[in-house]
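Undergrad: Below is the structure I would like to discuss, written out as structure tokens.
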Amino acid sequence: MITVSKRVEAIFAHAVALDQSGRLKNTIYVKDNFVFVMNSTNTVLLRFVLPSSQAPFQSPISFRANDYDSPNFYEEDGRIVFVKKEGDLERKKKCETTDATPDDIQELFKKFPPIKSNRISLHAGILSLLDENLSHIEIQGADGAASLVQRDIYSGTILEIARTTEGFGMASPDEISSDFGPIGMKTNDFIALFSFNDMVDFFFDEDPETSYCRVRGSKTKMDGIVAFCVYDELGTITEVKTKDVPKPSRRK
């Protein structure tokens, strides 16, 4: 029987809440002292690093977030079994594991090189400035500053978010070394990142052909990959093509 720590339970709980809200349908993979969360559309892959003392998993496990039922569980015959007790009664919920294995996901994560350029540091307070009903966010870096834009294609309304000039001699927390974008990101993907951390750093490659950004959150030791959406010739945001986001291999 595995009983996860409060830290692991918090990661699982956030992933489950995002799944059940429909904001980020995802699957959870655990291997050694790593917890991976990948959404069903393969646009977000997050990795959380656990202290060795908080990684009680004896073997790699995986399960769909929506199946999570209890912090007490074990693996039996290739399936996850969640255990709940009430008085002298015990319920076992047996769930199928995922087609992709934790090893698959770990290898997939390694295929995306780290990005250290063009850092934008954002606090969860930015969520109050977004319109959650608009499906995408455009992110752009120009002249040493970053901006976020949301467009309502039906009304023509444009929402633009930019950092104001810092006072009291404080420098901007962003480090924009080169122009980039505009690139598109799903609003739900963007918002989901702040479920795990109050402060998230975004890193954008100088190479315009790079189809993803890296994200980092120190609170939960989160390191992640978020795939971009792309613009067509009419300037409309479309989903990144499947070939741009490698899929994990299937379990044989």
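The values are calculated or read from the model by the stated rules, or taken from the named source; none is laboratory data. Here the structure is a predicted model, which is why all the values come from computation and not from measurement. Using ideal geometry, Cβ is built from the backbone for each residue, glycine included, and neighbour counts are taken over all protein chains shown.
Undergrad: Are there any pairs, at least 6 apart or on different chains, whose C-beta atoms fall under 9 Å, with the first in segment 85-102 and assigned by TED's automatic domain parsing to the domain that holds Pro71 and within 18 Å of Asn26 (Cβ to Cβ) and the second aromatic (Phe, Trp, Tyr) and part of a loop (DSSP other than H, G, I, E, B), and if so, which?
TA: As it stands, the answer is Cys95/Tyr68, since those pairs meet every condition given.
Undergrad: Test each condition in (1) in contact with a helix residue (DSSP H, G or I) (Cβ under 9 Å, 6 or more places away or on another chain); (2) farther than 30 Å from Met185 by Cα for Asp69 and report the one that comes out false.
TA: (1)
Undergrad: Continuing with this model, one more query. Taking segment 93-104, which residues are in a helix (DSSP H, G or I) and out of contact with any Pro (no Cβ under 6 Å at 6 or more places or on another chain)?
TA: Asp103 - this is the single residue of segment 93-104 that is in a helix (DSSP H, G or I) and out of contact with any Pro (no Cβ under 6 Å at 6 or more places or on another chain).
Undergrad: Ok, one more. Test of understanding: among Ser62, Ser117, which residue is more than 19 Å from the chain's Cα centre (by Cα) and either polar (S, T, N, Q) or at pLDDT below 95 (or both)?
TA: Exactly one residue qualifies, and that residue is Ser117.
Undergrad: Are any residues in segment 157-197 at pLDDT 85 or above and in a loop (DSSP other than H, G, I, E, B), and if so, which ones?
TA: Thr157, Arg163, Asp174, Ile176, Ser177, Ser178, Asp179, Phe194, Ser195, Phe196, Asn197
Undergrad: Name every residue in segment 203-225 that is buried (at least 22 other Cβ atoms within 10 Å of the Cβ) and touching a Cys at 6+ places or on another chain (Cβ under 7 Å), in order of residue number.
TA: Phe204
Undergrad: So, in segment 43-92, exactly how many residues are polar (S, T, N, Q), under 24 Å from Asn197 (Cα atoms) and assigned to a strand (DSSP E or B)? If you could, list the steps in order and put the result at the bottom.
TA: Of the residues in segment 43-92, the ones polar (S, T, N, Q) are 43, 52-54, 58-59, 62, 66, 70, 72.
Filter once more, so that each one left must be under 24 Å from Asn197 (Cα atoms): 43, 52-54, 62, 66, 70.
Then drop every residue that is not assigned to a strand (DSSP E or B), which leaves 62.
So the answer is 1.
Undergrad: For segment 106-156, which positions are of a type in the set (S, T, N, Q) and part of a loop (DSSP other than H, G, I, E, B)? Spell out the reasoning first.
TA: Residues of segment 106-156 that are of a type in the set (S, T, N, Q), as a first pass: 106, 117-118, 121, 128, 133, 135, 140, 147, 150, 155.
Within segment 106-156, Ser117, Asn118, Asn133, Ser135, Ser155 meet the criteria.
Undergrad: Can you confirm whether segment 69-76 contains a residue that is touching a residue at least 24 places away in the same chain (Cβ under 8 Å) and at positive phi? Full working, then the answer.
TA: Going residue by residue through segment 69-76, those that are touching a residue at least 24 places away in the same chain (Cβ under 8 Å) are 69, 71-74.
Remaining after also requiring at positive phi: none.
Within segment 69-76 (the criterion being touching a residue at least 24 places away in the same chain (Cβ under 8 Å) and at positive phi), the answer is no, since none of the residues qualifies.
Undergrad: Considering only residues that are more than 21 Å from Cys95 (Cα to Cα) and in contact (Cβ under 8 Å) with a residue 40 or more places away in the chain, which ones fall in segment 6-33?
TA: Result: Arg7, Arg23.
Undergrad: I've got another one for you. Looking only at residues in segment 21-71 that are under 15 Å from Ile2 (Cβ atoms) and among the β-branched types (Val, Ile, Thr), which one is surrounded by the fewest Cβ atoms within 10 Å (Cβ to Cβ)?
TA: So, considering only residues that are under 15 Å from Ile2 (Cβ atoms) and among the β-branched types (Val, Ile, Thr), the one surrounded by the fewest Cβ atoms within 10 Å (Cβ to Cβ) is Ile61.
Undergrad: Let me spell it out: the conditions are (1) farther than 16 Å from Gln140 by Cβ; (2) buried (at least 22 other Cβ atoms within 10 Å of the Cβ); (3) in contact with a Leu (Cβ under 9 Å, 6 or more places away or on another chain), and Lys186 meets all of them except one. Which number is the exception?
TA: The failed condition is (3).
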